[in-house]
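Report on one structure; see the data block that follows.
The values are calculated or read from the model by the stated rules, or taken from the named source; none is laboratory data. What you see is a predicted model; the values in this text were computed from it and never measured. We place every Cβ from the backbone using ideal geometry, glycine too, and count neighbours over all the protein chains shown. Areas reflect the complete protein model, heavy atoms only, side chains present, ligands, DNA and RNA absent. Shrake-Rupley method; radii C 1.70, N 1.55, O 1.52, S 1.80 Å.
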Amino acid sequence: MKDPRIEKLAYNLIHHSVKLKKGEKVLIENFGLQTELVEALVKEAYNASGLPFVSIKEPKIDRALLLGASEEQYALMASFEGAVMKEMDAYIGLRSGDNINELADVPSRKMQISGGTIGKMHTNIRVKQTKWVVLRYPTSSMAQLSGMSTEGFENFYFDVCTLDYEKMSQAMDNLVDLMNKTDKVRLVGPGTDLSFSIQNIPAIKCAGELNIPDGEVYTAPIRDSVQGTLTYNTPSPYQGFVFENVSFTFKDGQIVEATSNDTLRLNEILDTDEGARYIGEFAIGVNPFIHEPMGDILFDEKIEGSFHFTPGQCYDEAYNGNKSNIHWDLVNIQRPEYGGGEIYFDDVLIRKDGLFVLPELEILNPENLR
């Protein structure tokens, strides 16, 4: 018997996330072989009188292609995938591969070819011209990453992905208003003392429309304003390798020193282009059902009591002028069991040890969002 929660998730994606209307075209792109949700999405798109299109990719095949990739080949690939994307009104991207490290042995120069072509196509066409949402789908490998049984992880997944995002959206309004009035931000914690300005850069709430799971409010620092040191306490898989103990030192916005469990590989990524050593996003995570990192950024960046500070490309909605083929959401958790920490807006403490302390923001604390 099909899990009824799959149909509920498909309904939310079609009607809440991309708000598919009659006659609109939606591209459902699945990276993996888990097709239950794809089938449910096709049916729900038809129920909404939309026109579904499906593309199924497989990570092992992507790896084989990338190992021999040339710029000419991937430019052509981006061209014909871009031609399809231009015809779409909406996009739903599913990630369901069985091995999160499938691309671990692909050389970084080959990954850069893909990021500079396919990645740029998504940035310029999909992000700017469609209503889109990206999500993971539960697999055994994700359950292993999270340290849960398969059934336990599935229950966790559907709690996270089908929560009341409309309630969350309304609860975020006070934080958005406060961020839009803020100039100076200071982040303090173990190995971290960082300051920067977000003045006049919009704050954007994310409540189930672009990512599932969701639960963050983001903006961007003024590009040259970042000063100090930031140490991340959450492992972060990127380009097939899991980075740990990442630490950045900033001067006038630029990462001038970077260390990790593989400092050489880390700096190769940061040397992708000039913008990779500057920050494109600052975001505060508030999802009440996500407590621990599991090595999957779509979950980890939403962890309650966390923030992420992102080297690379900024978003148009919170534009600070930084351009890059990199966008890497590295996460720091500030709850007491992770060492604690504080966030200050214009020298006023707004969150301590992962909990909001201003009365108007307490609605975003976990007990009020569940």
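Go through (1) β-branched (Val, Ile, Thr); (2) open to solvent by 10 Å² or more (accessible area, probe 1.4 Å); (3) farther than 15 Å from Asp214 by Cβ for Ile343 and report which single condition fails.
(2)
Which condition does Val348 not pass, out of (1) under 25 Å from Ser141 (Cβ atoms); (2) open to solvent by 10 Å² or more (accessible area, probe 1.4 Å), if it passes all the others?
It is condition (1) that Val348 fails.
Might you let me know whether segment 55-63 holds any residue that is hydrophobic (A, V, I, L, M, F, W, C), free of Cβ contacts under 8 Å to residues at least 24 places away in the same chain, surrounded by fewer than 16 Cβ atoms within 10 Å (Cβ to Cβ) and over 26 Å from Pro213 (Cα atoms)? Working first, answer last.
First, the residues of segment 55-63 that are hydrophobic (A, V, I, L, M, F, W, C): 56, 61.
Now restrict to residues that are free of Cβ contacts under 8 Å to residues at least 24 places away in the same chain: 61.
Still in the running and surrounded by fewer than 16 Cβ atoms within 10 Å (Cβ to Cβ): 61.
If we keep only those that are over 26 Å from Pro213 (Cα atoms) as well, we get 61.
So far as segment 55-63 goes, yes, one or more of its residues are hydrophobic (A, V, I, L, M, F, W, C), free of Cβ contacts under 8 Å to residues at least 24 places away in the same chain, surrounded by fewer than 16 Cβ atoms within 10 Å (Cβ to Cβ) and over 26 Å from Pro213 (Cα atoms).
One residue is enough: does segment 2-22 have a residue meeting the conditions of a type in the set (Gly, Ala, Ser) and open to solvent by 40 Å² or more (accessible area, probe 1.4 Å)? Show your work before the answer.
So in segment 2-22, the residues of a type in the set (Gly, Ala, Ser) come out as 10, 17.
Applying the additional criterion that residues be open to solvent by 40 Å² or more (accessible area, probe 1.4 Å) yields none.
For segment 2-22, residues of a type in the set (Gly, Ala, Ser) and open to solvent by 40 Å² or more (accessible area, probe 1.4 Å): absent.
Residues that are modelled with pLDDT of 85 or more and outside the structural domain of Glu274 (by the TED database): find the helices (runs of 4 or more DSSP H) completely inside segment 61-155 holding 2 or more of those.
Numbers: elements: 71-86, 108-114, 140-146.
Those helices (runs of 4 or more DSSP H) span 71-86, 108-114.
Is it true that some residue in segment 215-232 is within 20 Å of Arg136 (Cα to Cα), crowded, with 20+ Cβ neighbours inside 10 Å and out of contact with any Leu (no Cβ under 9 Å at 6 or more places or on another chain)?
yes
Is there any pair with a first residue in segment 227-241 that is in the same structural domain as Arg265 (by the TED database) and a second that is of a type in the set (Lys, Arg) and open to solvent by 50 Å² or more (accessible area, probe 1.4 Å) whose Cβ atoms are under 7 Å apart and which are 6 or more apart or on different chains, and what are they?
Gln227/Lys251; Phe241/Arg265
Being touching an Asp or Glu at 6+ places or on another chain (Cβ under 7 Å) and open to solvent by 10 Å² or more (accessible area, probe 1.4 Å) is the requirement here; does Leu33 meet it? Steps first, answer last, please.
Values: touching an Asp or Glu at 6+ places or on another chain (Cβ under 7 Å): yes; open to solvent by 10 Å² or more (accessible area, probe 1.4 Å): yes.
Yes, satisfied.
Within segment 250-297, track down each residue that is of a type in the set (Ser, Thr, Tyr) and open to solvent by 40 Å² or more (accessible area, probe 1.4 Å). Lay out the reasoning, then the answer.
Our first condition is that a residue be of a type in the set (Ser, Thr, Tyr); within segment 250-297, this holds for 259-260, 263, 272, 278.
Within segment 250-297, Thr259, Thr263 meet the criteria.
Answer yes if at least one residue in segment 277-284 is farther than 28 Å from Phe356 by Cα, assigned to a helix (DSSP H, G or I), out of contact with any Asp or Glu (no Cβ under 6 Å at 6 or more places or on another chain) and assigned by the TED database to the domain that holds Pro202, and no otherwise.
The answer is yes, given that some residue of segment 277-284 is farther than 28 Å from Phe356 by Cα, assigned to a helix (DSSP H, G or I), out of contact with any Asp or Glu (no Cβ under 6 Å at 6 or more places or on another chain) and assigned by the TED database to the domain that holds Pro202.
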